[in-house]
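Any read-out appearing in this document is the output of simple, stated calculations on the displayed coordinates, not a laboratory observation. This structure is a prediction, so every number in the text was calculated from the model and none was measured. Neighbour counts run over all protein chains shown; Cβ positions are idealised from the backbone, glycine included.
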Amino acid sequence: MARDKVPTLDEFVDGLDKRNPGQPEFIQAVKEVAENVLEYVNDHPKYNEHQILERMAEPDRALSFRVCWQDDEGNIRVNRGYRIQNNNAIGPYKGGIRFHPSVNQSVLKFLAFEQTFKNALTGLPMGGAKGGANLDPKGKSDAEIMRFCQSFITELYRHVGEDVDIPAGDIGVGGREIGYMFGQYKRITNRYVGVLTGKGLEFGGSPIRVEATGYGAVYFMEDMLKRVNEQIDGRICVISGSGNVAQHAVEKVLALGGKPVSLSDSSGFIYDKSGITTEKLAFVKELKNKRRGRIEEYAKEFGAEFHAGQRPWAIAGELAFPCATQNEISGEDAKIMLKNGIIAVAEGANMPSTLDAVRLFHEARIKFAPGKAANAGGVAVSGLEMSQNSARITWKEPELQRLLRDIMQEIHDRCQRYGGVAGDKNYIDYVKGANVAGFVKVADAMIAQGVV
Ligand code: GLU
């Protein structure tokens, strides 16, 4: 007889804790989802009978492997590589690769879990995965990065494929790294297929893949504001990070008339009261993508403030775009942001707000878009890159721009559909909306496919 009692959140988290010792990021991500989903499951018993949430929170497969490579001095270096294939109920595994010293199994399990919901929200047929290595790319030469990427994919190639698992970029992995991995994959397998997304435009990449995550986060913000007849135009925007996502968030904020005033990296943040302009953004792109320098140089170049070792959340502004990394907004930060007049947050990064921060934003009834909804534009255009690769064609840029805009609007509407709050008809709980909408799609596919 199938079980009929839905576990309480405490019971569920208890089991999760026991099965995943020493994995705080993973537990944090699953707990946030479980809070909303268990409530929903209470009213929809079939998901409980099939133990869907428990099954989703146990990756299909967690791979870990040694990555040996030689640095420019000839020393042999050993890193650890991973691929977590979380769920492929609605399509092949899909998700980025992260190279950062903080990478471990907990971080990648949280990211693969989130990716499962995010990919479902895009409406495209993609399952959830994530991979990476505990490599610190800072200060490494091009040749070292190439050797590392070649070694990494020489193991990973046997676990991925255009219909199996399609990795892409994430923190520390951009066009350069994807190019090196693609080259080595092609060499090993002698097959020219869309096994990775985020490729260069010359060899199967898609127009606007680079812009998509940052643009998408700003579109999501635009849609949240539009719902209540407000807009980005004229508003001060506090942005963290300075990589691909932050750069294109700045670009789209500027296009919509907003005023971006900050950027950050692991050494601190810059505050440019007069606003980051298109010309200043061009400097940031050169600095970060070509010279791979520190954000402090921006302050020197343009006479802006630089705050070493800090994050930008004490700056007065109205819209916030955390685009750096997980847990970059603490409960204390959230309190200051609310005091300073932040009215909406769209997460460009994955899980940048801690559980405390999310709770405070929710209690204050500001508009809060979680990463799995707001930053889904990147993987959505990856999905479109996969389609183009399968058909061996490239769509025109205006068409892709339109598709990205439409997909972000659809994600917003899916969140709205499931994010209503009883007794408060003007408020949308986007966290609940994203969690439940993503869950339902994957869950229904899992039930249809049986106990596997
Ligand atoms: N790493 C990105 C994310 O967090 C993109 C993944 C992809 O394009 O597969 O969604």
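Just list whichever of Lys252/Lys280; Lys109/Lys339; Lys252/Lys288 have alpha carbons separated by over 23 Å in the model shown. Let's see the in-between values first.
Values: Lys252/Lys280 14 Å; Lys109/Lys339 34 Å; Lys252/Lys288 18 Å.
Exceeds cut-off: Lys109/Lys339.
What the pair-distance distribution of the stretch 199-356 shows, using all Cα-Cα distances binned every 10 Å from zero, is 11, 43, 35, 10, 1 percent.
Number of Lys-Lys pairs in the stretch 367-444 under 21 Å by Cα, sequence gap 8 or more or different chains? Walk me through the numbers on the way to the answer.
Values: Lys367/Lys425; Lys367/Lys432; Lys372/Lys432; Lys372/Lys441; Lys432/Lys441.
Counting lysine pairs in the stretch 367-444 gives 5.
For a straight C-alpha distance cut-off of 15 angstrom, the aspartates and glutamates reachable from Lys46 (same-chain residues fewer than eight places away being disregarded) are Asp4, Glu54, Asp444.
If packing is taken as the mean number of other Cβ atoms within 10 Å per residue, what is the order of 240-250, 359-369, highest first?
Numbers: 240-250: 27.6, 359-369: 18.6.
Peptide ranking by packing, descending: 240-250, 359-369.
Annotation: amide H-H contacts under 5 Å for Gly317 (H modelled 1.01 Å from N, sequence separation of 5 or more, or interchain): Ile342.
The residue list Ile166, Ile232, Ala249 was ranked by how far each Cα lies along the charge dipole of the stretch 121-252 toward its positive end, using unit charges on Cβ atoms, and Ile166 comes out on top.
Restricting attention to the stretch 83-188, close to 45% of DSSP beta bridges with both partner residues there are antiparallel.
Dipole magnitude for the chain: about 780 debye, using +1 per Lys or Arg Cβ and -1 per Asp or Glu Cβ, origin at the Cα centre.
Phi-derived couplings, Karplus 6.51 cos²θ - 1.76 cosθ + 1.60 at θ = phi - 60°, listed residue by residue for the stretch 84-99: 9, 9, 7, 7, 10, 5, 10, x, x, 4, 8, x, x, 10, 10, 10 Hz, with x used for Gly and Pro. Entry for the chain at q = 0.08 Å⁻¹: log10 I(q)/I(0) = -0.43, Debye formula applied to identical alpha-carbon scatterers, no solvent contribution.
For Lys335, the aspartates and glutamates whose Cα comes closer than 16 Å to its Cα, not counting residues fewer than 8 places off in the same chain, are Glu318, Asp356, Glu363. Remark: the stretch 3-83 carries a charge dipole of roughly 420 debye about the Cα centre, counting +1 on each Lys and Arg Cβ and -1 on each Asp and Glu Cβ.
What share of the DSSP beta bridges in the chain is antiparallel, in percent to the nearest 5?
Working: 27 of 45 bridges.
Given both bridge residues lie in the chain, the antiparallel proportion sits at roughly 60 percent.
Oblate is the label for the stretch 398-452, because a/c, from the alpha-carbon gyration tensor with a ≥ b ≥ c as root eigenvalues, is 1.5 or above and a/b does not exceed b/c.
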